[in-house]
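The values are calculated or read from the model by the stated rules, or taken from the named source; none is laboratory data. Predicted model only: the values in this text are computed from it and were never measured. So basically every Cβ, Gly included, is an ideal-geometry build from the backbone, and we count neighbours across all protein chains shown. Each accessible area value is taken on the protein alone, full model and side chains, heavy atoms only, with ligands, DNA and RNA left out. Shrake-Rupley method; radii C 1.70, N 1.55, O 1.52, S 1.80 Å.
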Amino acid sequence: MKVELEADKCVASGQCVLVAMDVFDQDDDGIAILLEERPGPELLADVKEAVAVCPAAAIRLVEQ
């Protein structure tokens, strides 16, 4: 799986960090930062939840 983040769509809610802190962080302005583009399968549920809770729909999960 590959995670894609459109930082320009991010509204700095921090929801992705709360549910998947091993995959996402925030910069000084609160904008999401992708820490791990290809997280392991043990993080799949967390990433799917981050996609679901992102209010700006700025995160996508691409299965390859």
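Quick notes
- Answer from L35, L44 - the residue that is of a type in the set (A, V, I, L, M) and under 10 Å from the mean Cα position of the chain (by Cα): L35
- Restricting attention to the stretch 2-13, the residues that are part of a loop (DSSP other than H, G, I, E, B), open to solvent by less than 50 Å² (accessible area, probe 1.4 Å) and on the phi < 0 side of the Ramachandran plot total 1.
- Each residue in the stretch 1-38 was checked for being free of Cβ contacts under 8 Å to residues at least 40 places away in the same chain, of a type in the set (V, I, T) and touching an Asp or Glu at 6+ places or on another chain (Cβ under 7 Å), and 4 pass.
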